[in-house]
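S.K.: Structure incoming, see below.
The values are calculated or read from the model by the stated rules, or taken from the named source; none is laboratory data. What you see is a predicted model; the values in this text were computed from it and never measured. Cβ atoms come from the backbone with ideal geometry, glycine included; neighbour counts cover every protein chain shown. To get the accessible areas, we keep the full protein, side chains included, count just its heavy atoms, and leave off ligands, DNA and RNA. Shrake-Rupley method; radii C 1.70, N 1.55, O 1.52, S 1.80 Å.
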Amino acid sequence: MKKNSILFLLLISSLCSSQEKILMVGNSFTFYYNLPNTIELMAKAKGLNWEVNQSTAGGVTLKEHWLGEKELKTKALLSQNQYTKVVFQDKSTYPLIAIDTTKKYLGLLRTLIKQPTAQYVYSTWAYPNISSPAKGKITSQTIEKALKSMLGVRPNELILVGRAFDLFQERYPKYPLLTDDQKHPNPNGSYLAACIFFASFSELSTLGLPHREEGFDQFGKKIFYFIIEEEIALLCQKIADEVVLGMVKS
């Protein structure tokens with residue numbers, strides 16, 4: 001009996017240790033088309049137990065997260081909770097025009113994180129309006145290099161969504177990743193971003209992830225959390241594995 005009790009406790013301990021509690025801090029590039037929830041559902045599909053939370057508001061910067069503007073509670077969430085992973089995303093233009101501000105408030109927010117917690121920085125994509133005659137042509141690599149230049153941000157902490165967007169659009173230009181505003185991700189773009197996050201967090205292949213996920217709301221009505229064409233989902237998965245895991249799938 002005692003031996004069985006010990007085995008049971010070891011099993012419970014193992015299950016608890018496999019749980020992930022993740023916080024995503026950012027703005028619309030983080031919350032469009034249920035990105036945090038999509039990542040959580042992808043993990044569930046692979047038999048993983050992830051709880052993916054978010055602290056987001058449209059157009060906000062890390063400075064505004066720190067100051068608690070737009071009713072953001074990011075500081076309280078970071079200081080009062082133990083997360084296994086935290087992702088930070090600043091306003092898309094800030095790595096180009098205000099990298100010192102990004103560095104300052106990223107550093108301040110990081111001081112609130114309980115250890116041990118893996119920390120990541122969301123490297124976003126270049127979109128048409130981000131470039132100008134004054135700045136010249138901006139690419140996702142420009143943003144990535146700017147974030148890498150910040151002291152304290154290691155290459156393996158970058159979530160390389162921008163790089164994946166570039167590669168996808170180069171190979172499959174007939175499938176857009178942005179909405180009509182040519183800035184925010186459409187369902188395809190959000191799905192590709194979710195694949196990058198899943199692979200980065202889990203170090204597992206994204207192949208076989210569902211291309212649609214449905215459920216029921218509190219009233220028992222069917223809802224779809226995400227849905228894209230199966231062909232596009234497979235292309236996103238191959239790009240994510242190549243970018244994150246270094247796998248080139250044919």
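S.K.: Out of 141, 119, report the one residue that is among the polar types (S, T, N, Q), touching an Asp or Glu at 6+ places or on another chain (Cβ under 7 Å) and not in a loop (DSSP other than H, G, I, E, B).
M.R.: 119
S.K.: If you check 42, 24, which single one turns out to be modelled with pLDDT of 95 or more and closer than 15 Å to residue 112 by Cα? Walk me through it before giving the result.
M.R.: Values: 42 fails: closer than 15 Å to residue 112 by Cα.
Just one listed residue meets the conditions, 24.
To keep it simple, each residue is scored yes or no on (1) part of a loop (DSSP other than H, G, I, E, B); (2) aliphatic (A, V, I, L, M); (3) touching an Asp or Glu at 6+ places or on another chain (Cβ under 7 Å).
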{"position": "182", "(1), (2), (3)": "yes, no, no"}
{"position": "194", "(1), (2), (3)": "no, yes, no"}
{"position": "201", "(1), (2), (3)": "no, no, no"}
{"position": "209", "(1), (2), (3)": "yes, yes, no"}
{"position": "219", "(1), (2), (3)": "yes, no, no"}
{"position": "231", "(1), (2), (3)": "no, no, no"}
{"position": "237", "(1), (2), (3)": "no, no, no"}
{"position": "242", "(1), (2), (3)": "no, no, no"}
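S.K.: Determine whether residue 159 is within 17 Å of residue 94 (Cα to Cα) and not in a helix (DSSP H, G or I).
M.R.: The answer is yes for residue 159.
S.K.: Which residues, taken from the range 165-180, are in a helix (DSSP H, G or I) and open to solvent by less than 30 Å² (accessible area, probe 1.4 Å)? Don't jump to the end; show me each part of the working.
M.R.: Applying the first criterion (in a helix (DSSP H, G or I)) to the range 165-180 yields 165-171.
Scanning the range 165-180 gives 165, 168.
S.K.: Assess whether residue 146 counts as being out of contact with any Lys or Arg (no Cβ under 9 Å at 6 or more places or on another chain), hydrophobic (A, V, I, L, M, F, W, C) and loosely packed, with under 15 Cβ neighbours inside 10 Å.
M.R.: No; evaluated as a whole, the condition is false for this residue.
S.K.: Are there any pairs, at least 6 apart or on different chains, whose C-beta atoms fall under 6 Å, with the first in the range 214-236 and open to solvent by less than 70 Å² (accessible area, probe 1.4 Å) and the second in a strand (DSSP E or B) and of a type in the set (Asp, Glu), and if so, which?
M.R.: 225/213; 226/213
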